[in-house]
Amino acid sequence: MGQLDGVKVVELATYIAAPSCARILAAYGADVIKVEPPKGDDIRNAAVSYYYPAPLEDGTNLGFDVQNFNKKGLALNLKDPKGKEAFLKLLETADVFVTNNRVQALVKMGLDYDTLHAKFPRLIHASILGYGEQGPLKDKPGFDYTAYFSRGGIANSLMEKDTAPAVPVSGFGDNYAGIALSSGICAALYRQQKTGQGERVTVGLYDMAVYGMNWMMGAIDYGSVLPTTRRHTNSAVTTTYLTKDGRWIQLAVIAYDPNIQKLAKCLDLEQEIMGDERFNTYKGMLGHIEEMGALLDGAFAKKDLAEWVEILSAADLPFEIVQTLDEVKEDPQAWANDYIFKKEQDGGKSIYYVRTPIVFTEQPNVKEESGRGRAPLLGEDSSAILKEIGYDDETVARYLAEGVITGA
């Protein structure tokens, strides 16, 4: 039982962005059917290039699980007219259609919004796009590496000035686009419930990046420049500092004037900071960011990370350790909030997974470990799904033999 109990979602999507959206809907309790071609979603094989284990002997795919927990699996040949007919019958029973196919491909398949809206006026048609619906790039293939990180300005904003662009974290922009699309779908479901009418919901990877940059975008014409350097950010106390043992600390002392005396005492720099008009007020510091940064560089280099954590925590100043992913996966704060779960594997290793980040109190999300506890095998539910939409045993058996559907 969940927030979207009784909602049926059909996903025709590959890789991460749109599947991550459907995974969120599944965590809300929706019945999500992932439709794949007979060869499967490309990410079933691509996951090994990110060092996920190869698929296990029973067909379980640990990398594929990440975006596909709690879904049913239908492997269907949409190039076969019988497969296309079965897909349309499935959509006739659905509330939501989620896809990341490009618009021109959907038009060619007769699965674009206008065509489907004429057939199924209550169906919600939800798409992840690369660059949006209009403009010269609307038909260009888009990935988070390209549309989100590169064209959207994210990679440039994260790089240290005069160095190479940041190496993107694969799937980062995809997952945020998936969250945004799930939000739009929930709004469309509310309207569908009220009016009986469907809707087209789209989220562009490029748009997600630009939206994420909106705070800085407003300052561009007033002197804000990216990329920058940690030695000259918008404040000497909202940047990173290296400790004696080679670890980084991020300061976020945004309320400068009320806190600078506490920070100066922590750093054993009371005279150097509070006795110097260049540093003892916010206005003064803004004109001398690099000089103050050099002063703090020297102070932080005198103590190890553990010492600084104790000192800054006792002063109740906003800061954080720049953690590695190895540290994040064991972080007690993450585990206390049930953000992470893991599956033990042969050889003593574990696979760590992250839960859907939206949390409900009265009606909690569906746990990924519940039910099947993994993603579907390729075509695992093909026969059952076709029978649910009216196909008899004889037809299902024939479609399996002809390759219209594939079974696990």
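The values are calculated or read from the model by the stated rules, or taken from the named source; none is laboratory data. The model shown is predicted, which means the values in this text are computed figures rather than measured ones. Glycine also receives a Cβ, built like all others from the backbone with ideal geometry; neighbour counts cover every protein chain displayed. Protein only, heavy atoms only, side chains kept; ligands, DNA and RNA dropped before computing areas. Shrake-Rupley method; radii C 1.70, N 1.55, O 1.52, S 1.80 Å.
Is it the case that some residue within the stretch 307-314 is among the β-branched types (Val, Ile, Thr) and under 30 Å from Leu76 (Cα atoms)? Checked against the condition, which is being among the β-branched types (Val, Ile, Thr) and under 30 Å from Leu76 (Cα atoms), the stretch 307-314 yields no hits at all.
Can we say Leu106 is open to solvent by less than 10 Å² (accessible area, probe 1.4 Å), of a type in the set (A, V, I, L, M), more than 28 Å from Ala401 (Cβ to Cβ) and in a helix (DSSP H, G or I)? The answer is yes for Leu106.
Annotation note: of Ala315, Ala397, Ala375, Ala306, the sole residue that is open to solvent by less than 90 Å² (accessible area, probe 1.4 Å) and in contact with a Cys (Cβ under 6 Å, 6 or more places away or on another chain) is Ala315. Within the stretch 252-269, the set of residues being touching a residue at least 40 places away in the same chain (Cβ under 8 Å) and of a type in the set (A, V, I, L, M) comprises Ala252, Val253, Ile254, Leu263. Looking across the stretch 4-51, the residues that are touching a residue at least 24 places away in the same chain (Cβ under 8 Å), within 21 Å of Ile351 (Cβ to Cβ) and either among the charged types (D, E, K, R) or open to solvent by 50 Å² or more (accessible area, probe 1.4 Å) (or both) come down to Tyr15, Arg23, Lys34, Asp41, Asp42, Arg44, Tyr50. Restricting attention to the stretch 353-366 and to residues that are hydroxyl-bearing (Ser, Thr, Tyr) and in a loop (DSSP other than H, G, I, E, B), the residue that is least open to solvent (accessible area, probe 1.4 Å) turns out to be Thr356. Filtered by the rule that a residue be assigned to a helix (DSSP H, G or I) and among the hydroxyl-bearing types (Ser, Thr, Tyr), the stretch 41-84 gives Ser49, Tyr50.
For a quick check of your reading: which helices (runs of 4 or more DSSP H) sit entirely within the stretch 161-227 and have at least 3 residues that are in contact with a Cys (Cβ under 9 Å, 6 or more places away or on another chain) and open to solvent by less than 70 Å² (accessible area, probe 1.4 Å)? Reasoning before the result, please.
Details: elements: 172-195, 205-212, 214-217.
Qualifying helices (runs of 4 or more DSSP H): 172-195.
Cβ-Cβ contacts under 7 Å between residues 6 or more apart (or on different chains), taken from a first residue in the stretch 390-408 that is touching a residue at least 12 places away in the same chain (Cβ under 8 Å) to a second residue that is acidic (Asp, Glu) and in a loop (DSSP other than H, G, I, E, B), are listed as Val404/Asp80; Ala408/Glu380. Taking each residue of the stretch 172-191 that is over 10 Å from Met208 (Cβ atoms) and among the hydrophobic types (A, V, I, L, M, F, W, C) and looking for partners that are in a helix (DSSP H, G or I) and open to solvent by less than 50 Å² (accessible area, probe 1.4 Å) with beta-carbon atoms closer than 8 Å, six or more apart or interchain, yields Phe172/Asp144; Phe172/Tyr148; Phe172/Phe149; Ile185/Cys21; Ile185/Leu25.
Screening the stretch 286-352 for helices (runs of 4 or more DSSP H) wholly inside it with 3 or more residues that are within 25 Å of the chain's Cα centre (by Cα) and under 30 Å from Gln67 (Cα atoms) returns the ranges 325-328, 332-336.
Just one of the listed residues (Glu394, Glu369) is more than 23 Å from Ala54 (Cβ to Cβ) and either over 18 Å from the mean Cα position of the chain (by Cα) or assigned to a loop (DSSP other than H, G, I, E, B) (or both), namely Glu394.
To keep it simple, each residue is scored yes or no on (1) open to solvent by 80 Å² or more (accessible area, probe 1.4 Å); (2) more than 17 Å from Lys303 (Cβ to Cβ); (3) assigned to a loop (DSSP other than H, G, I, E, B); (4) in contact with a helix residue (DSSP H, G or I) (Cβ under 9 Å, 6 or more places away or on another chain).
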position: Lys244; (1), (2), (3), (4): yes, no, yes, yes
position: Gln250; (1), (2), (3), (4): no, no, no, no
position: Ile254; (1), (2), (3), (4): yes, yes, yes, no
position: Ile260; (1), (2), (3), (4): no, yes, no, yes
position: Glu277; (1), (2), (3), (4): yes, yes, yes, yes
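If I filter the stretch 1-51 down to residues being under 22 Å from Cys186 (Cβ atoms) and of a type in the set (Asp, Glu), which single residue comes out as nearest to the chain's Cα centre (by Cα)?
If we filter the stretch 1-51 for residues that are under 22 Å from Cys186 (Cβ atoms), which is where we start, we get 1-13, 16-35.
Those still in the list that are of a type in the set (Asp, Glu) too: 5, 11, 31.
Details: Asp5: 23, Glu11: 17, Asp31: 21 Å.
Applying the filter and picking the extreme gives Glu11.
Of the numbered criteria (1) part of a loop (DSSP other than H, G, I, E, B); (2) open to solvent by 20 Å² or more (accessible area, probe 1.4 Å); (3) under 20 Å from His232 (Cα atoms); (4) free of Cβ contacts under 8 Å to residues at least 60 places away in the same chain, the one Glu272 fails is (1).
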